[in-house]
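Have a look at the structure below, then the notes.
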Amino acid sequence: MSSTIKVNNIQNLAGDDSGIDLSTNDQIILKTANTTALTIDSSQNATFASKLATTNLGTGAVLQVVNVQDGAVATTTGTVSYDDTIMQNNEGGEFMTLAITPTSATNKLKIDVCFNGSANTGNKITTVGLFQDTTADALAEASVFVSATNCPHNVNFTHFMTAGTTSATTFKVRGGNDTSSTLTMNGQNGSRKYGGVFASSITITEIAV
């Protein structure tokens, strides 16, 4: 034999109105201190009143993603030496920046860079580097050789690192050709191509450890 107990509310004995509100048809509301914390509707959709605490998520969980996507044209005549030295933050020109505030200094940051560009003369090596704040040395860089004048090319790379801070930190993308010439981002010879959808980007993903 089974029985059914029908109530509108279930509360604790402390008198702070924490409990379960069943007064609305096809809906369950979980309250703490008479404030809604979680609502479950008739389709079993759960709505939290605030974000889940990131400290409770497991290793490998994505905690936040920030992105900048830039379809505007930009140019530089600054050069980047193609040699066995680390690219410096006074080489080439700055094209994009993106800030993030990590939730834990021990978490990992996965930084994806996409750069679309062209050189206005042939037989050039275009180098693109990733920098952080005012640090002179690049964190990572990648290059491509382009033989034809104004030939569009793409430089993509990923950098994976420990966040190292819980303060806002800014990542910067710089680029340049190996010898005197003009490097154009998102276009050709100083002019934009494809109406702004030929876009370059930085995407940073914070991952729990």
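The values are calculated or read from the model by the stated rules, or taken from the named source; none is laboratory data. Since the model is a prediction, treat every value here as computed from it, not as a measurement. In this analysis, Cβ positions are derived from the backbone assuming ideal geometry, glycine residues included, and neighbour counts consider all displayed protein chains.
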### Task
Would you check if Gly92 is in contact (Cβ under 8 Å) with a residue 60 or more places away in the chain, closer than 20 Å to Thr184 by Cβ and crowded, with 19+ Cβ neighbours inside 10 Å?
yes
### Query
If we keep just the residues of segment 58-71 that are out of contact with any helix residue (DSSP H, G or I) (no Cβ under 7 Å at 6 or more places or on another chain) and farther than 21 Å from Asp133 by Cα, which is modelled with the lowest pLDDT?
Gly58
### Task
Give the residue that is surrounded by the most Cβ atoms within 10 Å (Cβ to Cβ), with candidates limited to residues of segment 199-209 that are part of a loop (DSSP other than H, G, I, E, B) and modelled with pLDDT of 95 or more.
Ala208
### Message
Filter segment 159-185 down to the residues that are within 20 Å of Phe131 (Cα to Cα), not small (Gly, Ala, Ser) and not in a strand (DSSP E or B) and list them by number.
### Response
Thr165, Thr166, Asp178
#### Entry: Set Thr103, Thr135, Thr127, Thr85: member being polar (S, T, N, Q), in a strand (DSSP E or B) and modelled with pLDDT of 95 or more
Thr127
### Query
Gly196 versus (1) surrounded by 16 or more Cβ atoms within 10 Å (Cβ to Cβ); (2) in contact with a Gly (Cβ under 8 Å, 6 or more places away or on another chain): which is the lone unmet condition?
(1)
